[in-house]
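Here's the structure we're looking at; comments come further down.
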Protein chains: 2
Amino acid sequence: MVLQNDQKSQKRDLIIQAAARVFAQKGFAGTIMADIAEEAGIGKGTIYEYFESKEDLFFAVFEWFTQELTSLAMVSVSTLGGTASERLMTLGESLVKAGMGMEDMFSLSMEFWAASVSSQMKNRFKEVFKQVYMDFRRIISALIRDGIERGEFRPDVDPESLAAVLVGSWDGLLLQAWFDPAFDPLSTARNFMSVIIKGLRANPSQERQGKTEHRKG
Amino acid sequence: MVLQNDQKSQKRDLIIQAAARVFAQKGFAGTIMADIAEEAGIGKGTIYEYFESKEDLFFAVFEWFTQELTSLAMVSVSTLGGTASERLMTLGESLVKAGMGMEDMFSLSMEFWAASVSSQMKNRFKEVFKQVYMDFRRIISALIRDGIERGEFRPDVDPESLAAVLVGSWDGLLLQAWFDPAFDPLSTARNFMSVIIKGLRANPSQERQGKTEHRKG
DNA sequence: ATTCTGTGACTGAATGGTCGGTCGGAAATT
DNA sequence: AATTTCCGACCGACCATTCAGTCACAGAAT
């Protein structure tokens with residue numbers, strides 16, 4: 001049977017997802033192509049119909065992964081309503097939850113990080129990572145800037161810096177949770193966000209208000 | 001010549017440090033034992049006089065690394081004077097600076113993370129990581145608790161949560177910097193800390209004061 | 001019959017780890 | 001102090017294994 005393009009890409013996806021599971025569990029080096037073939041329920045040779053090499057496949061998994069993650073964040077943000085504080089809070093929670101839910105996927109992230117150090121394709125990995133982090137920072141900083149414009153947040157915070165730290169702390173928290181099952185990133189994040197929000201409030205003495213001391217449009 | 005114990009351990013350290021450099025540059029998988037031997041200026045066989053296996057050596061590098069890092073933090077903290085805010089700020093800066101300075105070393109961290117996913121010894125790696133993160137959190141949370149007791153910080157923040165986030169965001173920030181050379185983790189951290197400090201202040205309207213609304217001795 | 005897809009046995013390159021042998025120096029013996 | 005013995009640190013050629021990638025063939029589709 002001659003596969004249609006969409007069937008072809010469907011099978012590609014099948015392989016990618018099977019590979020993702022195996023890589024997540026065994027790491028890049030620990031994974032052999034035969035494992036992936038078995039997981040996907042196909043022959044080893046077939047993989048090479050769709051991918052150049054093991055590294056090429058790994059990179060494809062990486063791209064798939066970042067896509068999933070980014071669209072998750074996009075959806076979260078676009079769905080959210082309420083004040084900037086609330087949206088920030090909710091986005092944070094849903095990202096941490098996502099990270100905790102797909103715990104396998106987090107271990108995949110670690111493999112990707114490592115790949116950006118030493119694989120043949122480290123520069124391609126780095127480039128994509130850079131872009132992903134930028135995207136996330138952009139999403140968050142827009143949210144913060146919005147809060148400032150509404151007069152909800154102090155005008156003198158730097159949205160970019162704060163966004164970077166939030167993005168960073170999600171990684172950092174999940175990392176700690178990865179190593180210590182007793183560590184609860186969700187309640188940690190919650191507690192933390194409330195401190196942040198207090199620091200952000202334009203007028204700390206009131207819960208919320210529209211008084212505008214803000215500059216910049 | 002029969003080596004004394006201290007000569008013996010000196011050579012061990014020599015190998016560890018040579019290995020650290022090579023692993024940092026080429027990653028675990030990309031490193032071959034011959035490289036390490038060459039870097040250390042010894043024969044390959046000699047390495048096996050001191051270490052069971054490649055993984056065993058890698059783990060030894062890991063232990064050495066965490067020791068270095070922890071003692072750096074210890075020294076920083078014990079040296080620092082001033083208010084809790086100032087000490088927090090300074091500790092943060094010096095850790096970020098350290099991370100930036102030894103950029104090779106940061107890439108080593110990534111390798112260690114990956115090792116905790118998939119190496120044979122993943123549980124040993126995880127255990128050590130867990131301990132290291134706990135130590136760091138303990139250092140920071142003690143600092144915060146101190147600030148609360150002095151009445152400098154609001155009594156209703158959770159020192160453990162905040163400490164975890166700070167620790168996490170150092171990792172997270174350095175990670176972003178790793179991928180994007182244009183990203184400046186230091187000024188980001190500075191900006192961020194000032195938001196945090198504002199959120200922490202016991203009495204936000206004054207710069208600093210000793211008024212004690214605090215409970216708990 | 002022809003074309004396309006799937007396959008898994010096979011191969012060769014790469015490399016972790018071994019082991020028999022070397023050699024500089026310490027200790028024992030003279 | 002000269003000589004011999006002994007030790008163990010050091011070495012690197014070699015071995016055994018592991019796997020990524022290939023390819024000749026089988027089977028399906030048309």
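Tell me which helices (runs of 4 or more DSSP H) are completely within segment B:1-102 and hold 3 or more residues being assigned by TED's automatic domain parsing to the domain that holds B:Phe153, within 16 Å of DNA strand C (Cβ to nearest atom) and within 24 Å of the chain's Cα centre (by Cα), or say none if there are none.
Numbers: elements: B:5-30, B:33-40, B:44-50, B:54-79, B:84-101.
In segment B:1-102, the matching helices (runs of 4 or more DSSP H) lie at B:54-79.
Take B:Ala142 and decide whether it is within 21 Å of B:Leu72 (Cα to Cα), assigned to a helix (DSSP H, G or I) and touching a Lys or Arg at 6+ places or on another chain (Cβ under 7 Å).
Considered against the rule, which asks whether it is within 21 Å of B:Leu72 (Cα to Cα), assigned to a helix (DSSP H, G or I) and touching a Lys or Arg at 6+ places or on another chain (Cβ under 7 Å), B:Ala142 comes out as no.
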Per the filter on segment B:43-66, residues under 16 Å from B:Leu14 (Cβ atoms) and of a type in the set (S, T, N, Q) are B:Thr46
Residue hits (segment A:68-102; in contact (Cβ under 8 Å) with a residue 40 or more places away in the chain and surrounded by fewer than 15 Cβ atoms within 10 Å (Cβ to Cβ)) are A:Met74, A:Lys97
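Mind listing just one residue for me: the one in segment A:44-64 that is within 14 Å of another protein chain (Cβ to nearest Cβ) and hydrophobic (A, V, I, L, M, F, W, C) and, of those, farthest from DNA strand D (Cβ to nearest atom)?
Just the residues of segment A:44-64 that are within 14 Å of another protein chain (Cβ to nearest Cβ), to begin with: A:54-55, A:58, A:62.
Still in the running and hydrophobic (A, V, I, L, M, F, W, C): A:58, A:62.
Numbers: A:Phe58: 10, A:Phe62: 16 Å.
Filtering first and then ranking leaves A:Phe62.
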Within segment A:122-147, residues being within 12 Å of chain B (Cβ to nearest Cβ), of a type in the set (A, V, I, L, M) and in contact (Cβ under 8 Å) with a residue 40 or more places away in the chain number 3
Considering residues that are in contact (Cβ under 8 Å) with a residue 60 or more places away in the chain and either among the basic types (Lys, Arg) or buried (at least 20 other Cβ atoms within 10 Å of the Cβ) (or both), the number found within segment B:183-195 is 4
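Can you tell me which residues in segment A:111-121 are out of contact with any Asp or Glu (no Cβ under 8 Å at 6 or more places or on another chain) and touching a residue at least 40 places away in the same chain (Cβ under 8 Å)?
Hits for segment A:111-121 are A:Glu111, A:Phe112, A:Ala115.
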For B:Glu152, the lone unmet condition from (1) in contact with a Ser or Thr (Cβ under 7 Å, 6 or more places away or on another chain); (2) surrounded by 18 or more Cβ atoms within 10 Å (Cβ to Cβ); (3) facing another protein chain (nearest Cβ under 10 Å) is (3)
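Of all residues in segment A:23-36, which are surrounded by fewer than 20 Cβ atoms within 10 Å (Cβ to Cβ) and more than 9 Å from chain B (Cβ to nearest Cβ)? I'd like the intermediate steps shown before the answer.
Of the residues in segment A:23-36, the ones surrounded by fewer than 20 Cβ atoms within 10 Å (Cβ to Cβ) are A:25-26, A:29-30, A:32-35.
Across segment A:23-36, the qualifying residues are A:Ile32, A:Met33, A:Ala34, A:Asp35.
The values are calculated or read from the model by the stated rules, or taken from the named source; none is laboratory data. No experiment lies behind these values; they were computed from the predicted model shown. All Cβ positions, even for glycine, are placed from backbone atoms using ideal geometry, and neighbour counts span all protein chains on display.
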